[in-house]
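The values are calculated or read from the model by the stated rules, or taken from the named source; none is laboratory data. These figures come from a predicted structure and were not determined experimentally. Virtual Cβ from ideal backbone geometry, glycine too; neighbours counted across all protein chains shown.
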Amino acid sequence: MKIFYQLAPLILLFISVNALSFPAIQHIKQNPNYLLIEEASLPMVDVNITFSTGSKDDIAKKGITNYAIKLLHLQKVDNEKIIDSFQKIGALYTSNVTRDSSSITLRFVSNYQNKQFISSQINKMLTSYSVISEEAYDFTKESILNSIENRELEPSRIISYKSNERFFEGTGYAHPIEGYKKDIEKLNSDIVNKHLSKIINKENIKINFVGDINEAEAANFISRTLYNIPFNSSYSSKAKNLNYSGSSDTYNILHDSNQTHISIYIPAVKRTDKNFYNILVANYIFGGSGFGSMLVKEIREKNGLAYSVYSYLMPYNDIGVLKIGMQTKTSNTSKALRILKDEIHKLKKFDIKESEVSIAKNSILKSFELRFDTNKKRLDTLAAINELNMSEEYFKKYFEGIKAVTKESIKVSLQSDIDFENILITTVGRD
């Protein structure tokens, strides 16, 4: 019986891997920049258009990419806002800016008329931005400035952007995506239009589809969407290298609060690094699995210092980070920090049973299946695959990567890929 319980996690892992049906990823017309997962069970189409420009490319004008992307759907065509034309046919539009990229996403009912109309409207949106009204500029600027002002009132936002400023200093990852007040106030239509002309070019665009649309229809959609958009091969996003060099000393930001927010950054792996899967499993055991993780057992269950404590990997395109976060009573801050440092030391040693590694692997794979149980989740995953130039065999390689992880491979990766000597610890709260 004892042998059965030891083997059970491995049996479950084998069953999970072999029972799963992976979504098939197609290159549209053999172009690796345009990907499709065809799924006709629902008459819906989800399309994502990603620009390989994020806030890290703002250079001196911090926040300009976020400002520019927020304006696109507010422009008028034939006296009607683009966003209103989408809503009339029940299409859902969203936009997003991250540090590495920007994107617009649409979800709509799959029929010939909608595919023709929406591709045409997107094309107008991407080619007519020079006529965006001053009213739209003013509205968007005011909205962003209000968000920046509110940022200073929320400890969770303060600790995030202040930690980024310190940890990523000297790179495009250091400033908040929405920028700073002084930079946003200086922006005008001429400056933003010039930036949009860099973002919106065929060399900088990747398109992803999930849903009731075949390859020929997707190719036609792309052709109509990108009609007359220039091709500028000279523009590219510049890689950013982490320059942070520090210790485990605590950087405290004063804020009138009964709770102290704690954030820890540790240099780690990028998503495309060969040892990513080893660190992913290690993090799951450390603080990524919620209840049952090392951090929750020590911080919450044994010492009652916080309701929630967690860690997660933030693998940007150029830089990887292992982040740890929690809140505790101000009077408990010193004790919490001492325990967190002890747990980080335990992570570095990784004196964990092989059976715990097997259980973690199985749990990760089971949760991975949920990443593509809806079209929206499939689209998000497909866009990430495309952005990182990963293989169309991504799903299979993910499972193979997790399956190959062992306790020893994790220990080797922790020593080679996690920089335990340059840790940033930030707190926000009272002294």
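Against the definition (within 26 Å of LYS88 (Cβ to Cβ) and assigned to a helix (DSSP H, G or I)), how does ILE122 come out, yes or no?
Details: within 26 Å of LYS88 (Cβ to Cβ): yes; assigned to a helix (DSSP H, G or I): yes.
Judged against the criteria, ILE122 is a match.
Check off (1) farther than 18 Å from SER95 by Cβ; (2) within 18 Å of the chain's Cα centre (by Cα); (3) part of a loop (DSSP other than H, G, I, E, B); (4) not aliphatic (A, V, I, L, M) for SER163 and give me the number that stays unchecked.
Only one criterion is unmet by SER163, namely (3).
Scan the stretch 243-289 residue by residue and report those that are in contact with a strand residue (DSSP E or B) (Cβ under 9 Å, 6 or more places away or on another chain), part of a loop (DSSP other than H, G, I, E, B) and free of Cβ contacts under 8 Å to residues at least 60 places away in the same chain.
Of everything in the stretch 243-289, just one residue is in contact with a strand residue (DSSP E or B) (Cβ under 9 Å, 6 or more places away or on another chain), part of a loop (DSSP other than H, G, I, E, B) and free of Cβ contacts under 8 Å to residues at least 60 places away in the same chain, namely LYS270.
The rows are residues; the columns are (1) of a type in the set (A, V, I, L, M, F, W, C); (2) within 30 Å of TYR161 (Cβ to Cβ); (3) buried (at least 20 other Cβ atoms within 10 Å of the Cβ).
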residue: SER311; (1), (2), (3): no, yes, yes
residue: MET314; (1), (2), (3): yes, yes, no
residue: VAL321; (1), (2), (3): yes, yes, yes
residue: ASP342; (1), (2), (3): no, yes, no
residue: ASN362; (1), (2), (3): no, no, yes
residue: LEU365; (1), (2), (3): yes, no, no
residue: PHE372; (1), (2), (3): yes, no, yes
residue: ALA383; (1), (2), (3): yes, yes, yes
residue: GLU392; (1), (2), (3): no, no, no
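ARG300: outside any loop (DSSP other than H, G, I, E, B) and touching a Phe, Trp or Tyr at 6+ places or on another chain (Cβ under 9 Å), yes or no? Give the steps one after another, and end with the answer.
Details: outside any loop (DSSP other than H, G, I, E, B): yes; touching a Phe, Trp or Tyr at 6+ places or on another chain (Cβ under 9 Å): yes.
Taking the combined requirement at face value, the residue satisfies it.
Determine, yes or no, whether VAL428 is under 27 Å from ILE319 (Cβ atoms) and either part of a helix (DSSP H, G or I) or of a type outside the set (A, V, I, L, M, F, W, C) (or both).
Details: under 27 Å from ILE319 (Cβ atoms): yes; either part of a helix (DSSP H, G or I) or of a type outside the set (A, V, I, L, M, F, W, C) (or both): no.
It is false that VAL428 is under 27 Å from ILE319 (Cβ atoms) and either part of a helix (DSSP H, G or I) or of a type outside the set (A, V, I, L, M, F, W, C) (or both).
Yes/no matrix, rows are residues, columns are (1) under 16 Å from THR98 (Cα atoms); (2) of a type outside the set (S, T, N, Q); (3) touching a helix residue (DSSP H, G or I) at 6+ places or on another chain (Cβ under 7 Å); (4) in the same structural domain as THR53 (by TED's automatic domain parsing):
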site	(1), (2), (3), (4)
LEU153	no, yes, no, yes
ASN164	yes, no, no, yes
LYS182	no, yes, no, yes
ASN193	no, no, yes, yes
GLU217	no, yes, yes, yes
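Could you please let me know if LYS70 is basic (Lys, Arg) and more than 19 Å from the chain's Cα centre (by Cα)? Walk me through it before giving the result.
Numbers: basic (Lys, Arg): yes; more than 19 Å from the chain's Cα centre (by Cα): no.
Against the criterion (basic (Lys, Arg) and more than 19 Å from the chain's Cα centre (by Cα)), LYS70 does not qualify.
Name the residues in the stretch 56-78 that are outside any helix (DSSP H, G or I) and over 18 Å from SER128 (Cα atoms), would you? Quick ask: steps written out before the conclusion?
Residues of the stretch 56-78 outside any helix (DSSP H, G or I): 58-63, 75-78.
Of everything in the stretch 56-78, those that are outside any helix (DSSP H, G or I) and over 18 Å from SER128 (Cα atoms) turn out to be ASP58, ILE59, ALA60, LYS61, LYS62, GLY63.
Do we find a residue being in a loop (DSSP other than H, G, I, E, B) and touching a Pro at 6+ places or on another chain (Cβ under 8 Å) anywhere in the stretch 201-217?
The first filter runs over the stretch 201-217 and keeps only residues in a loop (DSSP other than H, G, I, E, B), leaving 201, 212-214.
Still in the list and also touching a Pro at 6+ places or on another chain (Cβ under 8 Å): 201, 212.
Checked the stretch 201-217: at least one residue is in a loop (DSSP other than H, G, I, E, B) and touching a Pro at 6+ places or on another chain (Cβ under 8 Å).
Here is a list: LEU414, LEU347, LEU382. Which entry is of a type outside the set (Asp, Glu), touching a residue at least 24 places away in the same chain (Cβ under 8 Å), within 30 Å of HIS255 (Cβ to Cβ) and assigned to a helix (DSSP H, G or I)? Before the answer, list the steps.
On the way: LEU414 fails: within 30 Å of HIS255 (Cβ to Cβ); LEU382 fails: within 30 Å of HIS255 (Cβ to Cβ).
One residue alone meets the criteria, LEU347.
Just checking, how many residues over the stretch 159-182 are in contact (Cβ under 8 Å) with a residue 40 or more places away in the chain and surrounded by 18 or more Cβ atoms within 10 Å (Cβ to Cβ)?
13
For (1) surrounded by 19 or more Cβ atoms within 10 Å (Cβ to Cβ); (2) in contact (Cβ under 8 Å) with a residue 24 or more places away in the chain; (3) assigned to a helix (DSSP H, G or I), each residue gets a yes or a no:
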site	(1), (2), (3)
THR328	yes, yes, no
LYS335	no, yes, yes
SER358	yes, yes, yes
GLU369	no, yes, yes
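What's the total number of residues in the stretch 251-299 that are β-branched (Val, Ile, Thr) and under 24 Å from ASP318 (Cβ atoms)?
6
For the subset of the stretch 385-398 comprising residues that are assigned to a helix (DSSP H, G or I) and out of contact with any Leu (no Cβ under 6 Å at 6 or more places or on another chain), which member is nearest to ARG99 (Cα to Cα)? Spell out how you get there, then give the answer.
Let us first name the residues in the stretch 385-398 that are assigned to a helix (DSSP H, G or I), namely 385-387, 394-398.
Those still in the list that are out of contact with any Leu (no Cβ under 6 Å at 6 or more places or on another chain) too: 385, 387, 394-398.
On the way: ILE385: 16, GLU387: 13, TYR394: 23, PHE395: 25, LYS396: 28, LYS397: 26, TYR398: 24 Å.
Checked the stretch 385-398; the qualifying residue nearest to ARG99 (Cα to Cα) is GLU387.
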